[in-house]
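Right, one structure below, let's go through it.
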Amino acid sequence: MRPEELLRCAEEAMQRAYAPYSGYFVGAALEAANGEVYTGCNIENASFSPTCCAERTAIFKAVSEGVREFRALAVVGGKEGEITGLFPPCGVCRQVLLEFCGKDFPIYLGEGGGKYKAVTLADLIPYAFTAGECMQNEGE
Ligand code: THU
């Protein structure tokens with residue numbers, strides 16, 4: 001799927017954001033290896049910390065449906081659903097993506113006006129803590 005098409009899916013998902021506290025609407029679209037697109041929006045909570053970001057909503061939807069292989073992610077966000085610049089994934093979402101996506105995994109960050117930046121997961125989370133580090137002392 002072309003980046004522009006995936007970004008369009010993310011923009012649609014952004015409109016479904018539940019963000020009465022911050023007013024920031026975020027949308028994510030995750031293209032799976034099977035061709036399906038899993039979208040997500042941010043879902044806020046009065047108690048704040050249970051808030052789920054758009055990216056995690058999308059990936060948790062996919063994984064809970066048995067899908068764990070992905071091709072690309074598109075993310076857009078902005079105040080009240082207006083894209084006015086980049087809205088890159090937070091640190092927690094970067095770590096969650098790393099669990100299922102490789103270091104070269106492409107991420108398209110919408111900027112508005114049809115523009116976007118293409119980065120990789122490794123660009124967003126260098127020196128990452130992965131399963132390799134987690135398991136290295138296993139069996140000692
Ligand atoms: N948010 C996301 O949905 N994704 C991110 O990666 C960054 C932050 C949401 C959470 C909250 O609802 C709002 O943006 C403001 O932080």
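Of the residues making up segment 45-60, not a single one is touching a residue at least 40 places away in the same chain (Cβ under 8 Å), open to solvent by 30 Å² or more (accessible area, probe 1.4 Å), within 25 Å of A128 (Cβ to Cβ) and over 9 Å from the mean Cα position of the chain (by Cα). Taking the criterion of being open to solvent by less than 10 Å² (accessible area, probe 1.4 Å) and either under 23 Å from F129 (Cα atoms) or modelled with pLDDT under 95 (or both), the residues of segment 76-99 that qualify are P89, C93, L97. The sole residue among V96, V37, V63, V76 that is without any contact (Cβ under 8 Å) to a residue 60 or more places away in the chain and in contact with an Asp or Glu (Cβ under 7 Å, 6 or more places away or on another chain) is V37. Condition first: part of a strand (DSSP E or B), within 16 Å of the ligand (Cβ to nearest atom), open to solvent by less than 40 Å² (accessible area, probe 1.4 Å) and within 18 Å of E31 (Cα to Cα). Can you find one or more residues in segment 114-121 that meet it? There is at least one residue in segment 114-121 that is part of a strand (DSSP E or B), within 16 Å of the ligand (Cβ to nearest atom), open to solvent by less than 40 Å² (accessible area, probe 1.4 Å) and within 18 Å of E31 (Cα to Cα).
Where helices (runs of 4 or more DSSP H) fall entirely within segment 1-112, those with at least 2 residues that are within 12 Å of the ligand (Cβ to nearest atom) and more than 28 Å from Y127 (Cα to Cα) are at 3-14.
The values are calculated or read from the model by the stated rules, or taken from the named source; none is laboratory data. This structure is a prediction, so every number in the text was calculated from the model and none was measured. Don't worry about glycine lacking a Cβ; one is built from the backbone with ideal geometry, like all the others, and counts go over all protein chains shown. Just so you know, the surface numbers come from the protein's heavy atoms only, side chains and all, with ligands and any DNA or RNA stripped out. Shrake-Rupley method; radii C 1.70, N 1.55, O 1.52, S 1.80 Å.
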